[in-house]
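The values are calculated or read from the model by the stated rules, or taken from the named source; none is laboratory data. Values in this document were obtained by computation on a predicted structure and should not be read as measured data. With ideal geometry, Cβ positions are generated from the backbone for all residues, glycine too; neighbour counts draw on all protein chains shown.
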């Protein structure tokens, strides 16, 4: 929760109570989902917002503001270690999951390490979820003979 996150997105994809996309984009302005200026992940995760309630935190597709095909779309910074990760992608979306369904009862990691609630996160580049059911989303249909290519880079540095 103390990592700082920046995501270049003006909208998230709205989900229903079962976390299924509705097809509607929600403006992030004045919501807990506004990461257009880097902030601590835990800063707004407890706000009273229906989308936070549905996901028990962040578990949403961010609709990226890419001006180029391959662009820098997010940065994650860990102040305790100084490690920074920058994400560049050709994909139109970024799923941000804040570990809301993690439990110490889940399978253990290295050396028996447990991973409690919100002790990790995922940043996954993607097309919008449930795209085949929403004609306003970029198509994910691949027809016979067509090729699909995507590029994502995760760049690491120490600040």
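Looking for something under 20 Å from residue 89 (Cβ atoms), touching a strand residue (DSSP E or B) at 6+ places or on another chain (Cβ under 9 Å), surrounded by 14 or more Cβ atoms within 10 Å (Cβ to Cβ) and at pLDDT below 95 - is there at least one such residue anywhere in segment 54-73? Checking segment 54-73: at least one residue is under 20 Å from residue 89 (Cβ atoms), touching a strand residue (DSSP E or B) at 6+ places or on another chain (Cβ under 9 Å), surrounded by 14 or more Cβ atoms within 10 Å (Cβ to Cβ) and at pLDDT below 95. One residue stands out in segment 93-119 among those that are in a loop (DSSP other than H, G, I, E, B), under 15 Å from residue 3 (Cα atoms) and touching a residue at least 24 places away in the same chain (Cβ under 8 Å): the one that is farthest from the chain's Cα centre (by Cα), namely 118.
Applying the set (1) surrounded by fewer than 10 Cβ atoms within 10 Å (Cβ to Cβ); (2) within 26 Å of residue 57 (Cβ to Cβ); (3) at pLDDT below 95 to residue 156 leaves exactly one unmet item: (3). Is segment 120-132 home to any residue that is at pLDDT below 95, within 13 Å of the chain's Cα centre (by Cα) and under 24 Å from residue 53 (Cα atoms)? Taking every residue of segment 120-132 in turn, at least one turns out to be at pLDDT below 95, within 13 Å of the chain's Cα centre (by Cα) and under 24 Å from residue 53 (Cα atoms).
Could you say whether any residue in segment 81-92 is part of a loop (DSSP other than H, G, I, E, B), surrounded by 11 or more Cβ atoms within 10 Å (Cβ to Cβ) and without any contact (Cβ under 8 Å) to a residue 60 or more places away in the chain? Scanning segment 81-92, I find at least one residue that is part of a loop (DSSP other than H, G, I, E, B), surrounded by 11 or more Cβ atoms within 10 Å (Cβ to Cβ) and without any contact (Cβ under 8 Å) to a residue 60 or more places away in the chain, so the answer is yes.
Looking across segment 33-53, the residues that are part of a loop (DSSP other than H, G, I, E, B) and either without any contact (Cβ under 8 Å) to a residue 24 or more places away in the chain or surrounded by fewer than 19 Cβ atoms within 10 Å (Cβ to Cβ) (or both) come down to 34, 36, 37, 38, 44, 45, 46, 47, 48, 49.
When you scan segment 16-32, how many residues do you find that are over 19 Å from residue 6 (Cα atoms) and either out of contact with any strand residue (DSSP E or B) (no Cβ under 9 Å at 6 or more places or on another chain) or assigned to a loop (DSSP other than H, G, I, E, B) (or both)? Number satisfying all stated conditions: 5.
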